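Here you go, one structure.
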Amino acid sequence: MIDEKKNPWTTLSEEVKYENPWIKVEEHQVLNPSGNPGIYGKVHFKNIAIGIIPMDEENNTWIVGQYRYPLKAYSWEIIEGGGKIGVDPLDSAKRELLEEAGIVAEEWELLTQLHTSNSVTDELGLIYIAKKLSFTEAIPEDTEQLQLKKIPVKELIQMAMENKITDSLSLIGIFKLALIVNK
């Protein structure tokens, strides 16, 4: 039986290959679980990934569309952004919901916690459901050119099933929400 608490990897050395205000990329020389030498790359995110699914009393939600530079493609997603490590993630979620959608919520529930791609990054993600909504003007960052869309949750789930939404944080939140909504 494998001891789940014992790390079978041995780190021989670590070197930072690239760093900016958002990420740090490291190269690790390692001995793998079989004892053989290898190399491992790790991307460390300096923020927590925060996702928000606002829901009204009629089971409508709001998603945002934007051009994603790394994909060179347009992407529909739940409302999401980064939360500074050490800051209450709920405060970051509230800020993102206001910035991207112009929505303020009175009621919040943590839907799920996840690791976005644990084979290459230690990034933590949190997804919230926001309810009891009121609306004001969105105040997106200058790096965001967002399109806001109101959509019934059932249609959102269908978009995810048809691969019209491919963002991992969005998909995890949508499919977990689907289990709750379809109980």
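Please treat every number below as a calculation from the coordinates, not as lab data. Computed from a predicted structure; not experimentally measured. Counting neighbours? That spans all protein chains shown, and the Cβs are built from the backbone with ideal geometry, glycine included.
Glu123's amide H: which non-local residues (gap 5+, or another chain) put their own amide H closer than 5 Å, with H modeled 1.01 Å from N in plane and none for Pro or chain starts?
Residues meeting the amide H criterion: Phe45, Thr116, Ser117.
Follow-up. I'd like the orientation of helix 168-181 relative to the chain: the angle between its Cα long axis and the longest Cα principal axis, in ° from 0 to 90, rounded to 10.
50
Per DSSP helix of 4 or more residues, -39500 (n - 2.57); summed, then divided by the residues of the chain. What does that give at 222 nm, rounded to the nearest 500?
That calculation yields -6000 deg cm²/dmol at 222 nm.
Please label the shape of the stretch 132-171 as rounded, prolate or oblate, based on the square roots a ≥ b ≥ c of the eigenvalues of the alpha-carbon gyration tensor (a/c under 1.5 means rounded; beyond that, a/b larger than b/c means prolate, else oblate).
Oblate shape, in that a/c is at least 1.5 and b/c is the bigger or equal ratio.
If you don't mind, another one. Among Thr61, Ile139, Leu12, which residue has its Cα positioned farthest towards the positive end of the charge dipole of the stretch 1-141, with +1 placed on the Cβ of Lys and Arg, -1 on the Cβ of Asp and Glu, and the dipole taken about the Cα centre?
In the stretch 1-141, that residue is Leu12.
Oh, and also: From the phi of every residue in the stretch 29-34, what ³J(HN,Hα) in whole Hz does the Karplus formula 6.51 cos²θ - 1.76 cosθ + 1.60 yield, where θ is phi - 60° and glycine or proline is x?
8, 9, 10, 6, x, 8
Expressed in nm to one decimal, what extension gain is obtained for the pair Glu162 and Ile139 from 0.36 nm per residue of sequence separation less their Cα-Cα distance?
That pair, Glu162 and Ile139, stretches by 5.2 nm at full extension.
To continue, here is another question. What residue among Val181, Met1, Gly41 has its Cα farthest toward the positive end of the dipole of the chain, where the charges are +1 on Lys, Arg and -1 on Asp, Glu, each on the Cβ?
Met1
What is the order of Tyr67, Tyr74, fewest Cβ neighbours within 10 Å to most?
Fewest to most other Cβ atoms nearby, the residues stand as Tyr74, Tyr67.
So, one more: Rounded, prolate or oblate for the stretch 68-183? Axes are the square roots of the Cα gyration tensor eigenvalues, ordered a ≥ b ≥ c, and the cut-off for rounded is a/c under 1.5.
rounded
May I pose another question? What is the helix-to-structure angle for 89-101, meaning the angle in degrees between its Cα long axis and the longest Cα principal axis of the chain, kept from 0 to 90 and rounded to the nearest 10?
Once rounded, one gets 50 degrees.
While we're on this one: Output ³J(HN,Hα) for the stretch 43-52: one whole-Hz value per residue in order, computed from phi by the Karplus curve 6.51 cos²θ - 1.76 cosθ + 1.60 with θ = phi - 60°, and x for Gly and Pro.
Whole-Hz 3J(HN,Hα) from phi for the stretch 43-52: 9, 9, 8, 8, 10, 8, 6, 10, x, 9.
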